[in-house]
1. Sequence-distant or interchain residues sharing an amide H contact under 5 Å with Phe106, placed H: which?
2. If you filter region 152-261 for GluC sites (Glu not before Pro), then keep DSSP loop positions with at most 16 other Cβ within 10 Å, what is left?
3. Please list 171-177, 115-121 highest first by mean number of surrounding beta-carbon atoms within 10 Å per residue.
4. Check which residues have an amide H placed less than 5 Å from Gln7's amide H, if you skip close sequence neighbours.
5. Would you kindly calculate the translational diffusion coefficient of region 107-174, applying Stokes-Einstein with the Kirkwood radius from alpha carbon pairs, for 10 °C and a viscosity of 1.306 mPa s, and quote it in µm² s⁻¹ without decimals?
6. For region 177-261, what is the accessible area per residue in Å², given a 1.4 Å probe and the full set of protein chains?
7. In square nanometres, what is the average projected area of the Cα convex hull of region 136-261?
8. Any idea what % of Cα-Cα pairs in region 176-238 are farther than 20 Å?
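The values are calculated or read from the model by the stated rules, or taken from the named source; none is laboratory data. Source: prediction; values computed, not measured. Cβ sites come from the backbone with ideal geometry, for glycine too, and all protein chains shown count toward neighbours. These area figures cover heavy atoms from the full protein model, side chains too; ligands, DNA and RNA do not enter into them. Shrake-Rupley method; radii C 1.70, N 1.55, O 1.52, S 1.80 Å.
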Amino acid sequence: MASGSIQYKTEEEIDLIRASALVLAKAHGEVAGLVKEGVTTRQLDKRAEEFIRDHGGVPSFKGYNKFPYSLCLSPNSVVVHGFATDEPLKSGDILSVDCGVFLNGFHSDSAYTYPIGEVAPEVLTLLRETKASLYKGIEQAVSGNRVGDISYAIQNHVAPLGYGVVRELVGHGVGAKLHEKPEVPNYGKRGSGPLLQTGLVLAIEPMVNLGKKDVVQEADGWTIRTKDRKPSAHFEHTVVVRKEKAEILTSFEYIEKALQQ
């Protein structure tokens, strides 16, 4: 998935990624305003693409290795890479919306999982704790730490709760390419993996299952689902490694504003 050597970004390049990430955050907000019972994921995909293109960007995912949509729309037991469909969302569903924006020569990448209507309490807890694990991982994205410190922080938050941490899919570097080195697993050992240095831009993205960690790929070649068909949550930010504290380039601010309306 990731290719080449680790690419550290200049402050000028980080500014360009930050601009891409702002369009992405606002696109997520547009989608969040539409997520409700009766809406189809195809409608969400259409709105996201329109917004991104209207703001000078290109959807990072559309056409990537022939992926046909602008968003990865993954309901319930689908972990990631779900296709847009004409099936309406219904109460009790959850939906992971993963989006990327290419602008000014650089990608940004983030994801958020929504509850639709009345969702089972244990599933709401899964969403809350997966989101919390994202920030636990981000806390470790500082210069002098290693990738394994991020990985361990995520795993150490969710595994004791009995959740399954997906192994086959990982976070990654992001920049001029959507997927760059290093890979950032959501499980691992402290002090292991590549050294983190200032200017490294990462997409950190815990994918956590209510049941076991095992996943299967559907016949479409993209959709990844939990093997036991239990729900899965996915949250993601694009961040830059700094000396004291990671800088989060993407934002859930526009999502949260939309959800409050």
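1. none
2. Working: sites: Glu168, Glu180, Glu183, Glu218, Glu236, Glu244, Glu247, Glu253, Glu256; in loops: Glu168, Glu218, Glu244.
Here the GluC sites (Glu not before Pro) that fit, given the DSSP loop and packing criteria, are Glu168, Glu218, Glu244.
3. Numbers: 171-177: 22.7, 115-121: 14.3.
In descending order of packing, they fall as 171-177, 115-121.
4. Lys181
5. Values: Rh = 13.4 Å.
For these conditions, the coefficient is 118 µm²/s.
6. On the way: 4120 Å² over 85 residues.
On a per-residue basis, region 177-261 sits at 48 Å².
7. On the way: hull surface 36.3 nm².
Average of the hull's projected areas for region 136-261 equals 9.1 nm².
8. On the way: 851 of 1953 pairs.
Roughly 44 percent, once rounded to a whole number.
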